[in-house]
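Undergrad: Sending over a structure as structure tokens; questions will come in a sec.
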Amino acid sequence: MESNIATEMRAYIEHTNLKPDCTNQDIIKLCEEAVEHGFYGVCISPYFVQLAKKTIKKSPVKIITVVGFPLGYSTVAAKVEETKKAIISGADEIDMVMNIQAFKSGDYVSVQNDIQAVTTACHLQNKVVKVILEIAYLNDEEIEKACRICKDCEVDFVKTSTGFAPTGATVEAIEIMRKTLPPKIKIKAAGGIRDAAFAQKLIDAGANRIGASASIQLIADEVSQ
């Protein structure tokens, strides 16, 4: 019999496939697995949003897609257009990558404008927006600063990583994010989450959502413990 922890873990998981070479069949399989296992949602590229919607049908599984992914330095106008098209295609939630280059250059006005524009585009359609910081490139103080900008923009979630950087989510980063953000702004941990024990540590530190490609392994780990 499945443990309560494993059952609860399912509600945190965004079953993810953002690999550059994934195919229609890979996404159909991902969606079918998400429905079968009761995951919160699937996280896929904008190209596959319509296919995911057709595959998921009336299931409560949410469709999450990415904007400005994975490097974050597209123009604000491009990100807003990506966001609008993704929502029209059927996306429920948008994970946008912060302009890391602008942030590292100290151009915080541009960073805030970027985040605010996508947040507004999402909220006008009653959709959820998450901002990906890419913590692999930020120190603790920069994580705090980025979170404060996200707070000012009234985003719904702040997310650790794309999964494409050298490192992904860490417990320490989640703790900093949770300390800095108000309770109403949630946290998504992503990148390098391959076992249930680590996922649980991230949740205990303050993560409200887990983005993972090894989702089935996460719940299998919990069942076997």
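Values quoted throughout were computed directly from the atomic coordinates according to the rules given, and no laboratory measurement underlies them. Nothing here was measured: the structure is a model prediction, and the numbers come from that model. A quick note on method: Cβ atoms are made from the backbone with ideal geometry, for glycine too, and the neighbour counts reach across all protein chains shown.
Undergrad: Mind listing whichever residues of region 174-191 are among the basic types (Lys, Arg) and part of a helix (DSSP H, G or I)?
TA: We begin by selecting, within region 174-191, every residue among the basic types (Lys, Arg); these are 178-179, 184, 186, 188.
178, 179, listed by residue number.
Undergrad: Can you tell me which residue among 34, 77 is among the small types (Gly, Ala, Ser), outside any loop (DSSP other than H, G, I, E, B) and within 24 Å of residue 220 (Cα to Cα)? Reasoning before the result, please.
TA: On the way: 77 fails: within 24 Å of residue 220 (Cα to Cα).
After ruling out the rest, the residue left standing is 34.
Undergrad: Among 152, 221, 140, 195, which is the only one that is out of contact with any Asp or Glu (no Cβ under 7 Å at 6 or more places or on another chain) and over 20 Å from residue 114 (Cα atoms)?
TA: Details: 152 fails: over 20 Å from residue 114 (Cα atoms); 221 fails: out of contact with any Asp or Glu (no Cβ under 7 Å at 6 or more places or on another chain); 195 fails: out of contact with any Asp or Glu (no Cβ under 7 Å at 6 or more places or on another chain).
Of the residues listed, the single one that is out of contact with any Asp or Glu (no Cβ under 7 Å at 6 or more places or on another chain) and over 20 Å from residue 114 (Cα atoms) is 140.
Undergrad: Quick one: which of 195, 204 is over 17 Å from the mean Cα position of the chain (by Cα) and closer than 21 Å to residue 15 by Cβ? So that I can check it myself, show each step before the final result.
TA: Values: 204 fails: closer than 21 Å to residue 15 by Cβ.
After applying the criteria, what remains is 195.
Undergrad: Being touching a residue at least 40 places away in the same chain (Cβ under 8 Å) and basic (Lys, Arg) is the filter here, so list the residues in region 178-225 that pass it.
TA: If the condition is that a residue be touching a residue at least 40 places away in the same chain (Cβ under 8 Å) and basic (Lys, Arg), then 188, 209 are the ones that fit.
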